[in-house]
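The values are calculated or read from the model by the stated rules, or taken from the named source; none is laboratory data. Since this is a predicted model, take the numbers as computed values, not measurements. Neighbour counts are summed over all protein chains in view; Cβ atoms, including those assigned to glycine, are modelled from backbone coordinates with ideal geometry. Heavy atoms of the whole protein, side chains included, go into the accessibility calculation; ligands, DNA and RNA do not. Shrake-Rupley method; radii C 1.70, N 1.55, O 1.52, S 1.80 Å.
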Amino acid sequence: MSTPKNPMELIDRYLQAVRFWLPKSQRQEDLIAELGEDLRSQIDAKETELGHPLDATEVSAILKHCGSPMIVAARLGPKQHLIGPTLFPIYLFVLKMVLLWILVPVFIFIIGPVNVAKAGSDWGTAVVNTLGDLWFGLFVAAGTITLIFAVLERTHAQVAIADKWDPLKLPPVRKQERKTSLAQTVCEIFFGMIGVMWLLLLPYHPGLILGPAHTFLKAAPVWHMFYVPILLLGIVGLLRSGITLARPQWAWFPRVAQLLQTVLSLIMLNLMIRTAAPPTGGDWHPFVVLADAAKNSAEYVRVAAVLNSSILLSLAAAWLGLCIAVAIQSWQFLGFIRNRVSSTGQPASLHVQ
Amino acid sequence: MYHTVYVTSYMTTSMTARAEVFENLKLELRRGCLTLAVLTQLRTEQYGYTLRKALAEDGLEIDEGTLYPLLRRLETQGLLVSQWREEDKRNKRFYRLSPQGELTLNQLLSEWQRINTSLGKILQEA
């Protein structure tokens, strides 16, 4: 950068730099003209005080005192924001909801395990690719949400939102009825995640359930029929725990959701046991069948028969356990409803115990 | 030694935070006073630089970045009127109180007197 021969040219350079940072409008020229006049008046006053015309260094000191062009423009220009204080809390809520409660769980529980399962032995690359996709997804989602809210801000949609509320429609004061322990819910989520991942990996790695026996045994067709419903039940359980954690004030939710999940599991188990019922004659291999290579081995046939009987007995025991669970959970739910009904009409306490 | 470094670092951070709180409160306190001072000064017509100079001479320094947006705002609110005029071969923007500004200033000065009296009483009691 060259030092101008005429020190006053520094003022024009300074004003040009300030103009660059100001939004283009009629007001911009007005502000620049006024700032320029102020600076020239300061120089006039200084020249009168010193008794000689100012050189470049002295003019530069005045400009330096005024502040950097970008900061001066920020002070002079209109106060701008992408998303204003009215919309910001809603923006933050939507952002958290989409990124933390939708996108991240979808990648962890669905996309990630599927990618890992598809990759087989090259699971490291699959994990890295999934993380890359997750990062890209988060970036795009955050950008899109920000853009939508910036448009809403510019279209003054916040005025409509701010006006559309009615004190009479505010939700009642929350009663702290949380009975579900936080640690229990977190454990449910953790083990639920492991369970769902295990289920997703099973079709590709049968050794995860059959162990070394997967060399001579394979899953019977009944599992192909019930695999998706079992997986869905696992995901539903995970969602239930997630909602319980996110909405602890919904005291009714864990009870209703748990009961529904248990009933659905019972129905499915019942169907599985019926499907696996022994035929009147012939071979009975409802859960595991011999792999082609081991069909001629009498020992493997015996192992398969024992295993099929054991699985059937386990399912029957589980069925009995679920029947008892349905009865207990129904009773607990009825007790909860009774408490709710008896407390209706009493004023809600503002004190949190 | 680590303890000394930690304590020094903690004290520096704490002092910076306290200074920041003070600066913010001072800014809040000044904001209303500046408006009152500017309106009072503009009972007689002035342009930006002379107004800044007059305020600074009375002990209220104000930079360009604060004064000009304030003048714009007061003009938009109808409390000031402005006019570009040539003086000493240079174009200058002159400001003065509008009739509505005169009325508002009188109301604000009454309010200022009332607050000042109350605060005086509170400070005496303390």
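Details
- A helix-only calculation puts chain A at -22500 deg cm²/dmol for mean residue ellipticity at 222 nm, using -39500 (n - 2.57) for each DSSP H run of at least four residues, averaged over all residues.
- A:Cys187-A:Val151 pseudo-label distance in nm [points 7 Å out on the Cα-to-Cβ vector]: 4.8 nm
- Extending 7 Å from Cα along the Cβ direction at B:Glu75 and again at A:Ile337 yields two label points whose distance is 7.2 nm.
- Take the Cβ atoms of A:Arg13 and B:Asn116, set R0 to 51 Å, and the FRET efficiency comes out at 0.65.
- Buried area at the B-A interface (accessible, heavy atoms, 1.4 Å probe, summed, Å²): 1500 Å²
- Label-to-label distance for A:Val128 and A:Lys5 is 6.2 nm, based on points extended 7 Å past Cα in the beta-carbon direction.
- Unit Cα scatterers, Debye sum, the protein assembly as shown: log10 I(q)/I(0) for q = 0.11, 0.12 Å⁻¹: -1.13, -1.23
- Residue among B:Lys26, B:Lys89, B:Lys53 with the largest mean-square fluctuation in a Gaussian network model of chain B, springs linking Cα atoms under 10 Å: B:Lys89
- Estimated D of chain B in µm² per second, where Rh is the Kirkwood radius over Cα pairs and Stokes-Einstein applies at 37 °C, 0.692 mPa s: 188 µm²/s
- Exposure ranking of A:Ser330, B:Ser98 by accessible area [1.4 Å probe, largest first]: A:Ser330, B:Ser98
- All Cα-Cα separations within segment A:72-139 were binned at 10 Å from zero, giving a P(r) of 18, 31, 20, 16, 11, 4, 0, each value a whole percent of the pairs.
- Cα convex hull of segment A:18-79, projected area averaged across orientations, nm²: 4.3 nm²
- FRET E, pair A:Ile311, A:Ile90, Förster distance 45 Å, beta-carbon r, rounded to 0.05: 0.30
- Orientation-averaged projected area, Cα convex hull of segment A:194-333 (nm²): 9.7 nm²
- The heavy atoms of B:Phe22 offer some 120 square angstrom of accessible surface to a 1.4 angstrom probe.
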